[in-house]
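One structure is given here, and the rest of the page talks about it.
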Amino acid sequence: MIFALFAAVSFPNLRLSGPTDADLVDRFQHGDHRAFDEIVRRYQDRVFTLCRRWLDDAQSAEETAQDVFIALYRSLPGFRGESQLSTWVFKVTLNHCKNHRMYRTRRGYRRHESLGPQPDDAPERQLPDQQASTDSAVHRTEAEGLVNAALAQLDEDHRQILLLRDVEDLPYDEIADILDLPRGTVKSRIHRARAELAAILGRKIGREDL
Amino acid sequence: MDTFFARNRLSAYLDGDLPSSEAREVEAALHRDAELRAEYEAMRAGVELLRAHGPIAAPEGFAGRLQIRLAAEPAPTRWRGVLRRVRPEYAGIAAIAALALLYIGTDHPAAPVVEPTVAVAQAPVLPTEQADPAPPAEGGTAPAVADGVLGNEGGFSASSKPKSASPARPKATKPMGEREVFQAAWEREDGAAQTTAPDATDAPASTPATLYSPAPWRYRVRASGDNPIKQLIAVASSLGGRIVDAKGRSIADYPMDEGDSRSVRVFVPSYNVEALQRKLGDLGSVETIATDPEMLYQNGAEVPVAIEVQR
């Protein structure tokens, strides 16, 4: 028990129960396709979050997230394990999100609008450990709107780095691997992105208070 | 540490990424400077908001829907994964080298001038500028297909028939327009070639896989509504797609009587094919004739879906 606690604190990436990502990849590469189910279970919320925060509607986000897993399924046999699986997953996800957005921009695509209630209007399911018990649904919806609006105003580089750092909670080194940037650049870019986010939120909250 | 240096370290301080000596200096600066403190608090509030409200759970049924898509996937192999990693520019260079070797290996009395045909030269993406191609004359025969990849192997035109034993010098070809390619592919798919191009039976059995031929996804819908084509037009429009008839003409509406059957083709972004399939279920019972999961991952390229609507 004491050893387990010590290990959990000292090695946060160490999983005492269940296979590691590398085990799952290895099993998949040796023909055990159920390992991919576990990979999906492990990453579906994080991939969907990234897509949802990047794209402007839930349907596109789900389709893009599914495309990400289809791409992973096809490419996993060739995965050499030179980086962590999570690094690769997030890299693929960001590329898909950017491609999707670029395609829609090029096509001048606008979401089909209906007079009825939109599925996007409903508050989305927050992950349980992120949801404060005292939060009301109204407060959550407002905060959701604030987060979406603020992220939408950030430029692409700042948005992606904040999503990786403050939403996905990735360490600097992994972000550096995902974005192919030096660690120092990652740190300075996070700093600038956070300052920009604070300024946007300050303006928004200030305006709403008026 | 002055305020400037402290300001540049606020983010790292927030992440606990500063050495203890620098962290103490930032704390001192924050204590000293009210403006800096306000900046820090604003930054911290933004980060907390993102951390609290950023993560979202995947929608219910996400894994199930993914399973359905994965079920249509061929079993992945190591070679497939390796081939997918080949960079497109290298693939292009390899293709050019292969063509050059092929050219060198054949007997050429003189260097022919061959214009590339559409099927060879273009990436497999439909030209979007010609969304509504001019229709061919009603009741007319199929336009002749030039001796390109599709023409030679598809065999829809008289020009693709093997000629008598003449010198093997390739003839210069005209580039195929979208309409010709589309028409030829459509006819091959629907069997119309038998009436419009009798020599189609002379064609070799294998045909090259182009985006146009055949449609990678084909469905038959037994519609329950009064005007299924109109419903289908609305579905295609909501998915950023367009719908054309067998001659490549855009359709605005098409009333159908009981027992009527109508073949149409819907062009949608590849990532919306699954959504289109789901929405077809709203029209009536759907029978899947063919799917091509290999083409799903096309980075949003517009792809054709052939649909036979029966009322």
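The values are calculated or read from the model by the stated rules, or taken from the named source; none is laboratory data. None of the values given here were measured: they were computed from a predicted structure. Please note: Cβ atoms are built from the backbone with ideal geometry, for glycine as well, and neighbour counts cover all protein chains shown. Each accessible area value is taken on the protein alone, full model and side chains, heavy atoms only, with ligands, DNA and RNA left out. Shrake-Rupley method; radii C 1.70, N 1.55, O 1.52, S 1.80 Å.
A few comments on the model shown:
- Matching residues, the range B:265-295, being farther than 13 Å from B:ARG311 by Cβ and in a strand (DSSP E or B): B:ARG265, B:VAL266, B:PHE267, B:VAL268, B:PRO269, B:VAL286, B:GLU287, B:THR288, B:ILE289, B:ALA290
- Condition met for A:GLN66 (assigned by TED's automatic domain parsing to the domain that holds A:ASN99, touching a Leu at 6+ places or on another chain (Cβ under 9 Å) and at pLDDT below 90): no
- Reported count of residues in the range B:46-60, each being in a helix (DSSP H, G or I) and exposed (fewer than 15 other Cβ atoms within 10 Å of the Cβ), is 2.
- Residues of the range A:59-77 that are over 22 Å from A:ARG104 (Cβ atoms) and either out of contact with any Phe, Trp or Tyr (no Cβ under 8 Å at 6 or more places or on another chain) or of a type in the set (A, V, I, L, M, F, W, C) (or both): A:LEU72, A:SER75, A:LEU76.
- Of the numbered criteria (1) modelled with pLDDT of 90 or more; (2) more than 27 Å from A:LEU164 (Cβ to Cβ), the one B:MET43 fails is (2).
- Test: residue in the range A:192-201 that is in a helix (DSSP H, G or I), open to solvent by less than 40 Å² (accessible area, probe 1.4 Å) and within 30 Å of A:GLU82 (Cα to Cα): yes
- Yes/no for A:ALA7 being in a helix (DSSP H, G or I), at pLDDT 65 or above and of a type in the set (A, V, I, L, M, F, W, C): no
- Pairs meeting the criteria (first residue in the range B:272-284 and away from chain A (no Cβ under 11 Å), second residue open to solvent by 10 Å² or more (accessible area, probe 1.4 Å) and of a type in the set (Val, Ile, Thr), beta carbons under 6 Å, at least 6 apart or on different chains) are B:LYS279/B:VAL235; B:LEU280/B:VAL286.
- Of the set (1) within 27 Å of B:ARG65 (Cα to Cα); (2) surrounded by fewer than 16 Cβ atoms within 10 Å (Cβ to Cβ); (3) modelled with pLDDT of 80 or more, all apply to B:GLU294 but (3).
- The set of residues in the range B:23-45 being of a type in the set (D, E, K, R) and in a helix (DSSP H, G or I) consists of B:ARG24, B:GLU25, B:GLU27, B:ARG32, B:GLU35, B:ARG37, B:GLU39, B:GLU41, B:ARG44.
- Scanning the range B:17-41 for residues that are open to solvent by 40 Å² or more (accessible area, probe 1.4 Å), within 23 Å of A:ALA199 (Cβ to Cβ) and within 54 Å of the chain's Cα centre (by Cα) returns B:ASP17, B:GLU35, B:ARG37, B:ALA38, B:GLU39, B:GLU41.
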